[in-house]
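See structure below.
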Amino acid sequence: MKPQEPGASPGGSASAALPGVRWNPLAAVAAFAGKTGVIAELEVRKLRHDPTELVTRAMQPALWLLVFGQVFSRVRAIPTGNLRYLDFMAPGILAQSVLFIAIFYGIAIIWERDLGIVQKFLVSPTPRAALVLGKALSAGIRALSQAVIVYALALLLGVKMRWNPLDLLGVVCVVLLGAAFFSTLSLIIACIVKTRERFMGIGQILTMPLFFASNAIYPIAMMPNWLQVISNANPLTYEVDALRALMVVGGTSTYGIGLDMAVLVLAMSALVIVAARLYPNVAR
């Protein structure tokens, strides 16, 4: 990779900085999207070397649905309206699986730093935001495998799923956004702590509070008032809310799918901006 020349634009196009050459915003956006796609493709290719990761990741949602879900369906201690508890829980378990995959994604950045890969990316003309967004997109693609697994398990357990193509497309978008948000948060943590041991400790601390302070396995109305405030500020809550309306028959959105999507997009965009500024720190 060639170092970025002085005077080159942030998007890596030196021609934009030359006098007499008009900057084309569409071309700049296309170039940014292309570089983002290349980074995402490089990350997804890693699955070829260890495809067993997808299988081992399937164990967690299977345990939650087959054990926890079946037991609490019999107890009937959690009010879920017109939905069976398994139907209520399935979207939450998908969101949980996405969270658990994405929140530990940043450890790969630390490995790349130790191998010298991060330094090569940093001297390339690729914008830092494209590097971050590409990695976030690849985390979303990995998370889609969890959607397939959860859908298969839900069908086996008799959960009534929505199969409308628009609903399925909506699920894909929500999974991609949720994974992108939490993987970018993970990258920010990796840029700050810089060591694998500290990263794993913080990641483990974050996952359970994010999961239990959401509407994944029980309605927000059951929570005490102080926890409801935290849940309403938790992006995972909006991811689950959208998935519940899009995945299962009879599922509804408390906040509205439009607001759910808007929260995820805005939160992810804000983190991408922060991560793009912090990304060079991981190499120091």
task: Before rounding to the nearest 500, sum -39500 (n - 2.57) across all DSSP H runs of length at least 4 in the chain and divide by the residue total; then give [θ] at 222 nm in deg cm²/dmol.
output: -21500 deg cm²/dmol
- prompt: Relative to the longest principal Cα axis of the chain, at what angle does helix 235-247 sit, 0 to 90 degrees, rounded to 10?
  reply: 60
- line: Simple spin-label estimate for Asn24/Leu156, 7 Å along Cα→Cβ, in nm, reads 5.2
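Can you give the relative contact order of segment 53-193 as a percent, counting alpha carbon pairs under 8 Å and 6+ residues apart? Display every interim value, and only then the final one.
Numbers: 126 pairs, mean separation 51.5, N = 141.
Relative CO of segment 53-193 lands at 37 percent.
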- request: Just subtract the alpha-carbon distance of Asn281 and Ser124 from 0.36 nm times their residue separation and send over the number in nm, one decimal.
  value: 54.9 nm
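Relative contact order for the chain: what percent, with Cα pairs under 8 Å and sequence separation of 6 or more?
About 25 percent, as a whole number.
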message: Compute the angle between helix 257-278 and the longest alpha-carbon principal axis of the chain, please, reported from 0 to 90 degrees and rounded to the nearest 10.
response: 40
- prompt: Once amide H atoms are built 1.01 Å from N in the peptide plane, which residues 5 or more positions from Val248, or in another chain, come under 5 Å H to H?
  reply: Arg162
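For Arg76 and Met200, what is the calculated FRET efficiency with R₀ set at 45 Å and r taken between the beta-carbons, to the nearest 0.05? Provide the component values of the computation, followed by the final result.
Numbers: r = 37 Å, r/R0 = 0.83.
Efficiency, rounded to the nearest 0.05: 0.75.
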task: With θ set to phi - 60°, apply the Karplus curve 6.51 cos²θ - 1.76 cosθ + 1.60 along segment 205-218 and write out the HN-Hα couplings as whole Hz, x wherever there is a Gly or Pro.
output: 5, 7, 4, 5, x, 4, 6, 6, 8, 9, 9, 5, 10, 7
- prompt: Using alpha carbons only, how many degrees (0 to 90, rounded to 10) separate the axis of helix 128-156 from the longest principal axis of the chain?
  reply: 20
statement: Fewest-first ordering of Tyr255, Tyr85, Tyr238 by Cβ atoms within 10 Å yields Tyr255, Tyr85, Tyr238
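If a/c stays under 1.5 just call it rounded; otherwise compare a/b with b/c (prolate if a/b is bigger, oblate if not). Do that for segment 24-283, with a ≥ b ≥ c from the square roots of the Cα gyration tensor eigenvalues. Present the calculation step by step, with values, prior to reporting the outcome.
Details: a/c = 1.80, a/b = 1.72, b/c = 1.05.
Verdict is prolate for segment 24-283.
Values in this text are rule-based calculations from the coordinates and carry no lab data. Just so it is clear, the structure is predicted and the values come from calculations on it, not from any experiment. Glycine also receives a Cβ, built like all others from the backbone with ideal geometry; neighbour counts cover every protein chain displayed.
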